[in-house]
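The values are calculated or read from the model by the stated rules, or taken from the named source; none is laboratory data. From a predicted model like this one, the values you see are computed outputs, not experimental measurements. Cβ atoms come from the backbone with ideal geometry, glycine included; neighbour counts cover every protein chain shown.
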């Protein structure tokens, strides 16, 4: 049983060749990573804006948003240190495809749970890929760099899952999570293996 299977529930681990491909374009990985952190912070803010009445959500997400923005700044600093520019935003094919597996509903709580599970999925895959970088990339400083991010993403994944269980019945969340995991595995299987994207 792999780390991805045991800790995160992922049904398809990342192709081991990904790290070697990513290593050829570290600037692109860092740029994409910076955008991921920026979007994570923005998405957290959006949830609080739309669900200000969910006290536990506001309580749990507020420090995560601050941490994600801190991560964004940290990746920008790493880019600058290496002489790279931030660049333009890229189309996020992975997230766009992932959202196709969510249920469209007018039920406010179920809509929230769909959002939380998508965010949990993104954090889980990020965690798995950061772990691969922390173990196998040849640049030792980046191994340390990505180990810290791996630990953080694992914690965020757990928070999103726990919040989903708080706002919906356990069986519903379990079934929806399994459906999203299965859908995500299909996405990973069919997507081109690229070294310039975190996902």
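Things worth noting here:
- The residue that is surrounded by the most Cβ atoms within 10 Å (Cβ to Cβ), among those in the stretch 24-43 that are in contact (Cβ under 8 Å) with a residue 40 or more places away in the chain and more than 18 Å from residue 93 (Cβ to Cβ), is 30.
- Options 107, 20: the member that is at pLDDT below 95 and closer than 21 Å to residue 189 by Cα: 20
- Residue under evaluation residue 82, criteria (1) closer than 23 Å to residue 139 by Cβ; (2) modelled with pLDDT of 95 or more, criterion not met: (2)
- Filter result for residue 21 (assigned to a helix (DSSP H, G or I) and surrounded by 17 or more Cβ atoms within 10 Å (Cβ to Cβ)): no
- Hits in the stretch 70-84 (condition: in contact (Cβ under 8 Å) with a residue 12 or more places away in the chain and assigned to a loop (DSSP other than H, G, I, E, B)): 82, 84
- The stretch 131-167, subset touching a residue at least 40 places away in the same chain (Cβ under 8 Å) and closer than 16 Å to residue 75 by Cβ, residue surrounded by the fewest Cβ atoms within 10 Å (Cβ to Cβ): 139
- A single member of 149, 119, 145, 130 is touching a helix residue (DSSP H, G or I) at 6+ places or on another chain (Cβ under 9 Å) and modelled with pLDDT of 95 or more, and it is 119.
- Out of 189, 174, sole residue that is in contact (Cβ under 8 Å) with a residue 24 or more places away in the chain, surrounded by fewer than 22 Cβ atoms within 10 Å (Cβ to Cβ) and in a helix (DSSP H, G or I): 189
- Failed criterion for residue 54 (all others in (1) in contact (Cβ under 8 Å) with a residue 60 or more places away in the chain; (2) surrounded by fewer than 11 Cβ atoms within 10 Å (Cβ to Cβ) hold): (2)
- Top-ranked residue of the stretch 6-17 - restricted to ones that are in contact with a helix residue (DSSP H, G or I) (Cβ under 8 Å, 6 or more places away or on another chain) and part of a helix (DSSP H, G or I), ranked as modelled with the highest pLDDT: 8
- Remark: residue 67 matches the filter, which requires a residue to be surrounded by fewer than 19 Cβ atoms within 10 Å (Cβ to Cβ), within 20 Å of the chain's Cα centre (by Cα) and either modelled with pLDDT of 95 or more or not in a helix (DSSP H, G or I) (or both).
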